[in-house]
Amino acid sequence: MSRDDEWPGRQLRTSRMEAFSDGVFAIAITLLVLEITVPTDSEGNLLRAVLAQWPSYLAYVVSFATVGAIWLAHTAMSEFLDHTDVWLMRINLLLLLLVSFLPFPSRLLAESFGHSDDGKTASTVYGLTLLGAALVMSALWRHALSRNLVRADAGGEELLALTRKLTPGLAGYIAMIALGLFLPVVAVAGYLVIAVFYILPIHRLRRSGRPVGTAER
């Protein structure tokens, strides 16, 4: 294992960080569906038993959209990176820690919607996890900007557009966490709206005439 003080200031390639991150995202988003189980006690009405599991479906859709949104933001950020450094990789690990943790609060949501107090607790834990991921994602990007890790050909408007895209979710998550203390189901719906906002394409994020995600390393 290489020590950081053996390569101070060394410019590190982004390819390994991106590959490792994509692997974690893929595993985390796949694990979400494992929380949806086949009803074992349908009492002669399988359709009713399947429909009764709606909290699991809601938690799955919200979490899938959220992981997908984080992955899209991470991809957009990576496409603007020229190189990385030891601190960016460590912040990235923290982001992956939160992403891989998401199946747990998702299951809490699915199993507690029918109970008022438990639902509020689960919604709070879920919201704090999403807020943490949003904060780390924002910190990841701002670190890249402050350390001049971005590509020299990236335009100022493009960088500003991505920065703005990563910002609104922070206030939204705080608002939904507060709302979840009273209306957990509504708060979860709000988390879905935030994820959809992130998933919507950013038409201004273009580099060298090609859409984000098409550049080759």
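The values are calculated or read from the model by the stated rules, or taken from the named source; none is laboratory data. Every value quoted in this text rests on a predicted model; they were computed, and no experiment measured them. With ideal geometry, Cβ positions are generated from the backbone for all residues, glycine too; neighbour counts draw on all protein chains shown.
Here are some notes:
- Residue within segment 38-45 that is in contact with a Ser or Thr (Cβ under 9 Å, 6 or more places away or on another chain) and either under 26 Å from M137 (Cβ atoms) or part of a loop (DSSP other than H, G, I, E, B) (or both) present: no
- I199 meets the conditions (1) surrounded by 16 or more Cβ atoms within 10 Å (Cβ to Cβ); (2) under 14 Å from the mean Cα position of the chain (by Cα); (3) β-branched (V, I, T) in every case but one. The failed one is (1).
- Total residues in segment 146-177, condition closer than 23 Å to V86 by Cα and under 20 Å from the mean Cα position of the chain (by Cα): 4
- Qualifying residues in segment 164-217 (those that are charged (D, E, K, R) and more than 24 Å from R142 (Cβ to Cβ)) - the one modelled with the highest pLDDT: R210
- The set of residues in segment 23-37 that are surrounded by 12 or more Cβ atoms within 10 Å (Cβ to Cβ) and among the hydroxyl-bearing types (S, T, Y) contains only T30.
- Just one of the listed residues (A49, A110, A59) is part of a helix (DSSP H, G or I) and without any contact (Cβ under 8 Å) to a residue 24 or more places away in the chain, and it is A49.
- Residues of segment 113-128 satisfying the condition of being assigned to a loop (DSSP other than H, G, I, E, B) and buried (at least 19 other Cβ atoms within 10 Å of the Cβ): F113
- Matching residues, segment 16-37, being of a type in the set (A, V, I, L, M) and part of a helix (DSSP H, G or I): M17, A19, V24, A26, I27, A28, I29, L31, L32, V33, L34
- Condition check for F25: closer than 28 Å to S116 by Cβ and in contact with a helix residue (DSSP H, G or I) (Cβ under 8 Å, 6 or more places away or on another chain): no
- Here L128 passes the criteria (1) more than 20 Å from the chain's Cα centre (by Cα); (2) in contact (Cβ under 8 Å) with a residue 24 or more places away in the chain except the one numbered (1).
- When restricted to residues that are farther than 16 Å from Y198 by Cα and either surrounded by 13 or more Cβ atoms within 10 Å (Cβ to Cβ) or among the aliphatic types (A, V, I, L, M) (or both), segment 38-77 contains 16.
- Residue in segment 153-175 that is of a type in the set (D, E, K, R), touching a residue at least 12 places away in the same chain (Cβ under 8 Å), loosely packed, with under 13 Cβ neighbours inside 10 Å and farther than 20 Å from A73 by Cβ present: yes
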